[in-house]
Amino acid sequence: MNNLAIDMKDIVKKFGAVVASDHVNFQVEKGEIHALLGENGAGKSTIMSMLSGIYRADSGSIFINGCLTNIRSPKESMELGIGMVHQNFRLVETLTAVENIILGEKGSTWRGANRMKKKTKEIEELAERYGLTFPSSVPVWQLSVGEQQRVEIVKTLYRGAEIIIFDEPTSVLTPLEVDQLFKTMAELKHHGKTMIITTHKLKEVMAISDRISVMRKGRMIVQTLKEDTTIQELANLMVGQEFNEGVPIESIPAGRPIIEVRDLFIATKEHNNAINRIDFTINEHEIVGIAGVAGNGQKELAESLTGLIPWTSGEIIFNNEKITAPKVKDLIDKGIAHIPENRMKSGLAGSLGIVDNLLMKSYRSTERGRFGLINKKATNQWAQQLVEQFDVRTPDLISPVGQLSGGNQQKLLFAREVDLKPKLMIAVHPTQGLDVGAARAVHELLIQLRAAGSGVLLISEDLDEIMQLSDRILVLFNGQINGIINRGQAKKEAIGQLMAGLSRKDEAVYESKIVI
């Protein structure tokens, strides 16, 4: 008897000269949680996209529950019982959870009171059955990130999914929400659902999966039971060589203050108190981490410190100089570098080549040219040196950066910012979506900046990253600092509690050296 929910045989997919899937064989058993691992560009997203109907295989066969299929669209994938919970939720924020779940359903535009009451009851009962409760009748934007993810899961179940693909499902969750998600996945497995999880977090893979597949350079390298492998072995398989994830950090005394933030208050159209009167300092030779669930003021803080939005009140002292009415160019000239949250939306121009993207902040400098004219030969040599120094893997200097892998895009962005020799680096989610090798390269760059005397403000929702790199950790909740923790002085659970808005008196896992 065939116990395979998915059986992909000799799958080939090419994009021009690039072979994204090279005769891949991938099997998932019914009722299991299967982790699919690989570096950026390894081909795992291509495989998932073919299962969900976004791409079509050039050759090979796909069997779903033992039946040969020809998946030509997301609609056909859904009809086969395949659902996908995307990393970036596919929800309309102004609609309620119920409206999002029935959106696109025949007759869903008719909002008769009786019909909506019936649908709401049906969806609430479905959510309750799987332990996925959420406020069903409030706008989605009012829900927490974890609740929004539950809406996405219920949406797939409502549409009949027996196979659910989770794309980087824990990237924006607190530790408590991760625990809840894993309980949900265990409950779904208990009800016979089959799940595939793509992630870069190997500890989570070992915590939740039954079997694990590893891809590298478009090929399937191994499929194994969780019990038959280790985190170290998986990391080695992903990168193709011996790999050590942790980056050693030298103990260096902090230097003089680089930036002092005093009584900072930021009000925006969306949030009246996005940042609510906070104080902190970043010194030379110091990485200060900002931990918090998305939407608690991190975005506004980063944008104000880089000149993208004004602050409402308070003051910022940078390099012993009070900053007033700053412009982005002024802050760049003063020595503030910025790695934005979305590298392709705010950091790089995907349609332009390497040279043009590297020039974006230095084209006015005398090193790049004079009298408004770029010295093309010298600039190309400079760009090539940065590409080699930062190991940016690109076919040439003119190929659109949008065609590079995420890791190479991030290294290019760091090359441009580090070349400015900044006094302060503001790095927002610098390794989000990157594989273990690319993430390690980013960590090494941040540590090198710290060693050279720069200060780093690291904003991340990855607690392992925050705890590994930060000399001090500030936890933001509702725009306020809910806790300040020194390196090595708190458990991961403690930071998670602070991120959820609890204080020291609410949880016994805190250690005596935490300052609240």
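A few points about this structure:
- Along region 386-401 the Karplus relation, 6.51 cos²θ - 1.76 cosθ + 1.60 evaluated at θ = phi - 60°, assigns HN-Hα couplings of 5, 4, 6, 5, 9, 6, 7, 8, 9, x, 6, 8, 10, 5, x, 5 Hz to successive residues, with x for each Gly and Pro.
- Only lysines eight or more places from residue 118 in sequence, or on another chain, were considered; those with a Cα closer than 19 Å are 106, 155.
- Temperature 25 °C, viscosity 0.890 mPa s: under these conditions the Stokes-Einstein estimate for region 1-51, based on its Kirkwood radius over C-alpha pairs, is 206 µm² per second.
- Per-residue extension of 0.36 nm, minus the Cα-Cα distance of residue 250 and residue 88, leaves a gain of 54.7 nm for this segment.
- Per-residue [θ]222 nm for the chain (sum of -39500 (n - 2.57) over DSSP H runs n ≥ 4, rounded to 500): -9500 deg cm²/dmol
- Calculated translational diffusion coefficient of region 301-402 (25 °C, 0.890 mPa s; Stokes-Einstein with Kirkwood radius over alpha-carbon pairs) equals 157 µm²/s.
- Computed over region 245-312: relative contact order in percent, which uses C-alpha pairs under 8 Å that are six or more apart: 32
- Cross-link reach list, lysines versus residue 13, counting only Cα pairs under 18 Å and skipping chain neighbours closer than eight places: 44, 217
- Note: region 191-302, Cα convex hull, 210 Å³ per residue.
- Cross-link pairs beyond the 30 Å C-alpha cut-off, checked among 299/491; 226/299; 322/377; 119/193; 201/361; 117/299: 226/299; 322/377; 201/361; 117/299
- Mean Cα-pair separation over length for the chain, i.e. relative contact order, pairs under 8 Å, 6 or more apart, %: 15
- In Å, descending, principal axis extents of the Cα set of region 400-508: 52, 30, 24
- Portion, in percent, of the accessible area of the chain that falls on carbon or sulfur, probe 1.4 Å: 49
- To the nearest ten degrees, helix 436-451 and the longest principal axis of the Cα atoms of the chain are 20 degrees apart.
- Shape of region 283-332, Cα gyration tensor, a/c cut at 1.5: oblate
- Protection proxy ranking of 303-309, 370-376, 279-285, 10-16 - average other beta-carbon atoms within 10 Å, highest first: 303-309, 279-285, 10-16, 370-376
- Counting only the Cα atoms, the chain fills a convex hull of 173 Å³ per residue.
- Protection-proxy order for peptides 330-337, 114-121, 150-157, each taking the mean of Cβ atoms within 10 Å per residue, highest first: 150-157, 330-337, 114-121
- With 0.36 nm allotted per residue and the present C-alpha distance subtracted, the residue 329-residue 227 stretch has 31.4 nm of extension available.
- Here the extension length gained between residue 207 and residue 421 equals 72.9 nm, from 0.36 nm per residue of separation less the Cα-Cα distance.
- In Hz, Karplus ³J(HN,Hα) per residue of region 418-429 (6.51, -1.76, 1.60; θ = phi - 60°; x = Gly, Pro): 5, 5, 6, 6, x, 7, 9, 10, 9, 10, 10, 6
- Working ranking of peptides 409-420, 385-396 by packing, defined as the average number of other Cβ atoms within 10 Å per residue, highest first, is 409-420, 385-396.
- Length-normalised contact order for region 222-336 - Cα pairs under 8 Å, 6+ apart - percent: 24
- Here the dipole of region 234-339 is about 400 debye; that uses its Cα centre as origin and unit charges on the Cβ of Lys and Arg (positive) and Asp and Glu (negative).
- The H on the amide N of residue 480, modeled in the peptide plane, is under 5 Å from the matching H of 276, each at least 5 residues off or on a different chain.
- About its Cα centre, the chain has a charge dipole of approximately 1280 debye under the convention of +1 per Lys or Arg Cβ and -1 per Asp or Glu Cβ, with nothing else charged.
- Looking at the chain, the accessible area is 46 square angstrom per residue; that uses a 1.4 Å probe and ignores ligands, DNA and RNA.
The values are calculated or read from the model by the stated rules, or taken from the named source; none is laboratory data. Being a predicted model, the structure only gives us computed values, none of them experimental. For neighbour counting, all protein chains shown are included, and Cβ atoms are generated from backbone atoms with ideal geometry for every residue, glycine included. Heavy atoms of the whole protein, side chains included, go into the accessibility calculation; ligands, DNA and RNA do not. Shrake-Rupley method; radii C 1.70, N 1.55, O 1.52, S 1.80 Å.
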